[in-house]
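Notes follow once the structure below has been shown.
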Amino acid sequence: METLDISSIDVNVAKLLDYEYANRYSVLPIKRENRHLWVATQEPDNISAMSDLADITGMFIIPVFAYAEEIRLAIAQLLAPDVLNTIETQFLVDARLDELIDIQNPQLLAQISSAPAVRLIDSIIEAGIVNRASDIHIEPYGNWLRTRCRIDGKLYTYSHVDLSLLPNVVSRLKIIGGMDISEKRRPQDGRFTMSLHGEKIEFRLSILPTAFGEKAVIRMLYDQASRLSKSELGFFEDDLEELTALFYKPHGAIFMTGPTGSGKSTTLNSFMTELNRDGRNIVTVEDPVENPIVGVNHVNVDRAAGHSFATVLRHILRQDPDVIMIGEIRDEETASIAIQAALTGHVVLSTLHTNDAAGVIERLLDMGTPPYLAASALSGIVSQRLVRRICNDCIAPTVPTAHEANLLGIPENTEVYAGRGCVSCENTGYRGRIAVYEYIVMTDDMRREMSRVPYDFATNLRKNGTFKQNALRHLRQGNTTIEEIVEIF
């Protein structure tokens, strides 16, 4: 099957297995006819497991393939113990209502207090946290409302419910996020914070009108305790040593590049956390601030108030900074100020959206930066993607197929690795993500060459290996799988 449709599963059928057993072995009954029981599993060919299920249920088991993440989300919704008492949304709602003038509006109160809406929001937040989701999507389509969670970079369906629930769900989210509940035609942004399971979590909420109704996306930002150290990012030891030296240079610009969701900010924050010492003044300008670090001065961009990246940067330069982190360089003016700051004794960290490390040079030149200034200001460039990491508890050697070997340009007998699936990784074969990357550390020879022929030089910048070479190194060392590598190229 392609997707596990939770809305079509009879709860009474699902409860033929208890929560602990279903969650431990990542299996879920989804359909019953007489003595036949259809069971969702990631391992339909696991005869031993199917035999155990037959003994437990007393039925003839028909295994149906489903992705492990989808099974886990379905188990969380259908079998998990009642979690509403662990969710703080009602407290947030009560606090927001106290601030509203029309608190006595019965229609408003009915919408935001709708029991199905409360259960849906609370349960998907709970499931998202348990599975360390980065985003939750609530999407209207036709006559139904779909909810999905992004786990390790991939979206998995959580539920399908009737579209009639949409107004109640969106109204409740708007109240929680501090938005205008009466505005339905314009996009809105909101935020709220909750402490769940002993962890403080920041939620960023975006509401966007679509053809079928308002779509909501909740981004989940976990507290500082869950922030990765630089050694956990996936950089090889020899590369990490060179990159650490790069970030400790007394001045110069370092750019992180890659598509949205490639971990650019996570990598920058990891190195910035290490640079965060009493002897340094670190100031950031972001839109918005997402992962505040104690000891770092974070500044939000507020375009409505006339505070653009460029405007804030000018003021930051008067604040005696040692390190400046710019959330993203998007225009010529911001690029010019950043380059000047790097040339006048500051360490400047920033992100750019380009396909590879060499593309940063062309982007800076396109934004009007003279080649000689870009060459002088640049210290280095790091470009990365994220792939899922093989679970250490169930890793096993394998060999590529002829097609895979040809696709990657490796011999067919090359030993590679994959995860078999186990309790530790919820039978996915993966646990966590790592960076596949390429980087450039600028040298005097590079700067001279770049000043002469910048556009030709861009194609010859990769002195430390390409993305593909780095990905194959991860593959041979058992860090990730062929399936993951193929997806990023």
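Loop-located GluC sites (Glu not before Pro) in segment 183-280 (DSSP state other than H, G, I, E, B) with a sparse environment of at most 15 neighbouring Cβ atoms within 10 Å: Glu183. Only Lys, Arg, Asp and Glu carry charge here, each on its Cβ (+1 for the first two, -1 for the last two); on that basis the chain has a dipole of about 460 debye about its Cα centre. Charge dipole (Cα centre; +1 on Lys/Arg Cβ, -1 on Asp/Glu Cβ; no other charges) of segment 1-83 amounts to roughly 200 debye. Stretched out straight at 0.36 nm per residue, the stretch from Glu290 to Phe236 would grow longer than its current Cα-Cα span by 16.7 nm. Checking [x] 0.97; [y] 1.16; [z] 1.01 against the coordinates, the calculated Rg/Rh (Cα atoms, Kirkwood Rh) falls under label [z]. Relative to the longest principal axis of the Cα atoms of the chain, helix 166-177 runs at roughly 50 degrees.
Calculated on C-alpha atoms, the gyration radius of segment 227-488 divided by its Kirkwood radius gives an Rg/Rh of 1.01.
Protection proxy ranking for 329-341, 167-179, 310-322, using the average of other Cβ atoms within 10 Å per residue and placing the highest first: 167-179, 329-341, 310-322.
Kindly state, to the nearest 0.05, the FRET efficiency for Ser51 paired with Glu20, given R0 = 22 Å and r defined as their beta-carbon distance. After rounding, the FRET efficiency stands at 0.65. When the chymotrypsin sites (Phe, Trp or Tyr not before Pro) in segment 156-212 are filtered for DSSP coil states and for at most 16 other beta-carbon atoms within 10 Å of their beta-carbon, the remaining sites are Phe212.
For the chain, the list of Cys residues with no other Cys C-beta under 4.7 Å reads Cys149.
One decimal place: the segment Thr244-Ser229 gains 4.2 nm when fully extended, by the rule 0.36 nm per residue minus the C-alpha distance. Between the C-alpha center of segment 319-373 and that of segment 270-287 there is a gap of 17 Å.
Quick note: the coordinates plus some simple rules give every number you see, no bench work behind them. Everything numeric here is computed off the predicted structure, so don't read it as measured data. Because the Cβ atoms are built from the backbone with ideal geometry, glycine has one as well, and the counts that use them run over all protein chains shown.
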